[in-house]
Amino acid sequence: MLDTGFFRRWIAAAATSVSREADRLTDLDSAIGDADHGANLQRGFTAAAAALEEEGPPTPGAVLVLAGRQLISKVGGASGPLYGTLLRRAGKALGDAGQVTGPQLRDALRAGADAVTQLGGAAPGDKTMLDALLPAVDALGTSGADFEAAREAALKGALATVPLLARKGRASYLGERSIGHQDPGAASTALLFAALAEAVR
Ligand code: ADP
Ligand code: MG
């Protein structure tokens, strides 16, 4: 079972890792965007982790809803509402259970990924965060708890965005010139799933 502490460790680990890798995320965004992705996510996840410390939400669902709300309110870029929607929708799907199973987490993240797809209108292969997110959720497997496989799938999905042509978001304005660069949002999704694997202990 995954308890509230697991979800708090996940968001805290995500905040640490996006802060550590903020420069790399911003470099990726400077190649095909506006060079703010690292700063955006550092601000958003740091605010989420701080809000969790302050408010101490009692359930896994409440942790994700609070974190998602912080991302939506603290990040101006496209990624804030998208990641915020992912976490908030996943949190809502978990309801008010005190502990959740792997399959419940997987299904909640799938519902979150569906909400991201609806909000952003992107499809797989459009060179967005979905190209890391969808394979990572699939890789959680029947147990819903194969976090190492999900980490690897997200990383592989992110690296596989390099040769793609961007069809959504700012990078799409570049057309063919978006080819040959890794999508920043797919790279940060890989960090999010690495943080999920770190939250297990
Ligand atoms: P902005 O593009 O507003 O500057 P960020 O730089 O923080 O926002 O985030 C850019 C990332 O957001 C992209 O690399 C991509 O992964 C993701 N993204 C942008 N638009 C969409 C969309 N419509 N659907 C899914 N993901 C998107
Ligand atoms: Mg940007």
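The values are calculated or read from the model by the stated rules, or taken from the named source; none is laboratory data. Here the structure is a predicted model, which is why all the values come from computation and not from measurement. Positions of Cβ are backbone-derived with ideal geometry, glycine not excepted, and every protein chain shown enters the neighbour counts. Ligands, DNA and RNA are stripped out before the accessible areas are found, and what is left, the full protein with its side chains, is counted by its heavy atoms. Shrake-Rupley method; radii C 1.70, N 1.55, O 1.52, S 1.80 Å.
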How many Å³ per residue does the convex hull of the Cα positions in the stretch 2-200 occupy? 88
Which value at 222 nm does the chain reach when only helices count, each DSSP H run of 4 or more adding -39,500 (n - 2.57), with the total divided by all residues and rounded to the nearest 500 deg cm²/dmol? -22000 deg cm²/dmol
Using a 7 Å offset from the Cα along the Cα-to-Cβ direction at both residue 159 and residue 54, what is the distance between the two label points in nm, to one decimal? 4.0
Measure off 7 Å from each Cα along the Cα-to-Cβ vector at residue 34 and residue 201, then give the distance between these two points in nanometres to one decimal. 3.8
Can you tell me how the stretch 111-175 classifies by the Cα gyration tensor, rounded, prolate or oblate, using a/c under 1.5 as the rounded cut? oblate
Over the chain, give the accessible area per residue in Å² for a 1.4 Å probe, as an integer. 43
Calculate how steeply helix 79-94 sits against the longest principal axis of the alpha-carbon atoms of the chain, using the helix alpha-carbon long axis, and give the answer as 0 to 90 degrees to the nearest 10. 30
How much of the accessible area of the stretch 1-118, in percent, comes from carbon and sulfur atoms when a 1.4 Å probe is used? 49
Just need the relative contact order of the stretch 1-52 here, percent rounded to a whole number, with Cα pairs under 8 Å and 6+ apart. 41
Under 18 Å from the Cα of residue 92 - aspartates and glutamates, other chains or at least 8 residues apart: 3, 55, 107, 114
Residue 88 accessible area, assembled protein chains, probe 1.4 Å, Å²: 90
Which cross-chain or sequence-distant (5 or more) residues have an amide H under 5 Å from the amide H of residue 77, H modelled 1.01 Å from N in plane? none
Using a 1.4 Å probe and ignoring any ligands, DNA or RNA, find the accessible area of residue 107 and quote it in Å² to the nearest 10. 80
